[in-house]
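K.L.:
To start, I am sharing the structure in question, which I have written as structure tokens.
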Amino acid sequence: MMRWTFLGVFTLVCVFFLSNVGSLFVSAMPDQIRVTIGPSTSMEKMAAKLPGSQVVNEKAGILSVPYGKVEAFIGTANTISGVFRVNSVPLDHPVISWKYYGFMVKEQMAGFLHGDFGHFRSPFNKKQIPVTQELPNMILRTCTYFIPGLLLAILLSVFMSLAASYWRGLGKVIDGIHVLLVGLPDFFLIILIQLGAIYVTKFVGHYVMLVVQVGNRTPFLIPFLTIALIPTVTIYGTMRIAIMRELGQDYVTTALAKGLTRREVLCKHVLRNIVEDLLTVLPKATTLALASMAVAEAVCGIFGLGGFIISPIVQSVSSMSLICMMLALIAMIFHLLYALLRKRFVVHTREVF
């Protein structure tokens, strides 16, 4: 338990630092903003209304602000009367700044310690919303199709591997489809599913399935099929090899010689002996399902955990870290579940000297 706890904490810490790697690459001045003002005000008045700022170049409308506070000062300056536009001051070319990365990490850690887990701008009403307020809804929305899709992938892959081993002709067809799907990227498969939904809708002449999120209406079938399809390909390959290995064992030959049918051998003996192989591949399949979920949510515009990370409309640095750690935590919960199942159902043997 100590080892698993240490590994979980270490993983979350690594995810936290990696989720902030975007702060390492700086393309704008971290301590300056450019303000376009009207004739009714001046740069000196602007600096007076923004405590901590100073005029750097009055003609160009550039103000200096505390290091790393550009976004906060831009938001405040936009609310001042007489201001037309406020933006950051771009650099000639992006640079790698460990100073800015360290500053942002310290700011986030300080915020986390004080209960501030970040805000994001809602894509619906453009308001700033605390991440913790919307997080339960995002988790529920994602799990609505993630858990059923993963369960379908497990059941479908086990069934197809058994069917392919029982009917050799069908096995050749399924193996050929498996080879084809292994070579296709996830994004391409999702686009094919979306195109299929669009063409079916046009052919039938009325609405069939939702392709992108519209308000509170969330697509189900496309992310569900995506999550089910990609892990199925991985699990099927492992289960097919495991069944072929077991069919070559002596106990199978003995069972067939005693009069048991091939179906009885597969269902009563082989299936029981490949449980360990299934539980071994499930952690990898779950990780693939999470990655497929993120891609599907991004393509379908779904405001879930994966869509939150990828969509530039709702991103903010601190909330990005929290969502990434939440995805890692979900993956670790499934890994822990698989470890408990291995301990419960897999019999381990060893030599005693």
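Coordinate-derived values only; no laboratory data. Nothing here was measured: the structure is a model prediction, and the numbers come from that model. Counting neighbours? That spans all protein chains shown, and the Cβs are built from the backbone with ideal geometry, glycine included.
K.L.:
Could you tell me which label, among (i) 0.95; (ii) 0.98; (iii) 1.12, carries the value of Rg/Rh (Cα atoms, Kirkwood Rh) calculated for this structure?
P.N.:
(iii)
K.L.:
Would you mind checking Lys258/Lys284; Lys258/Lys343; Lys172/Lys284 for any pair whose Cα atoms are more than 28 angstrom apart?
P.N.:
Numbers: Lys258/Lys284 38 Å; Lys258/Lys343 32 Å; Lys172/Lys284 25 Å.
Checking Cα-Cα distances, Lys258/Lys284; Lys258/Lys343 exceed 28 Å.
K.L.:
Under 5 Å between amide H atoms, partner at least 5 residues away or on a different chain: which partners does Met29 have, H built in plane at 1.01 Å?
P.N.:
Excluding prolines and chain starts, which carry no amide H, the hits are Val89, Leu91.
K.L.:
Ok, one more. Given the options Ser97, Ser88, Ser40, which has the most mean-square fluctuation in a GNM of the chain, springs set between C-alpha atoms less than 10 angstrom apart?
P.N.:
Highest fluctuation of the listed residues: Ser40.
K.L.:
With θ set to phi - 60° and the Karplus curve 6.51 cos²θ - 1.76 cosθ + 1.60, what are the ³J(HN,Hα) couplings of the range 231-241 in order, to the nearest whole Hz, using x for Gly and Pro?
P.N.:
Once rounded to whole Hz, the list reads x, 4, 4, 5, 5, 4, x, 5, 5, 5, 5.
K.L.:
Follow-up question, since we're still on this one. Please work out the C-alpha center-to-center distance from the range 227-249 to the range 17-88 and express it in whole Å.
P.N.:
Each part reduced to its Cα centre gives a spacing of 57 Å.
K.L.:
At 222 nm, what helix-only mean residue ellipticity would the chain give, in deg cm²/dmol to the nearest 500, using -39500 (n - 2.57) for each DSSP H run of four or more?
P.N.:
On the way: 13 runs with 218 residues, N = 353.
Computed ellipticity for the chain at 222 nm equals -20500 deg cm²/dmol.
K.L.:
Could you sort 226-232, 32-38, 131-137 so that the peptide with the highest average Cβ count within 10 Å comes first and the rest follow in order?
P.N.:
On the way: 226-232: 25.1, 32-38: 17.7, 131-137: 14.7.
Result, highest mean first: 226-232, 32-38, 131-137.
K.L.:
Taking K and R as +1 and D and E as -1, what net charge do the other residues with C-beta under 14 Å from the C-beta of Ile227 add up to? Don't jump to the answer; show the numbers that get you there.
P.N.:
Details: positive: Arg141; negative: Asp186, Glu297.
Residues near Ile227 contribute -1 overall.
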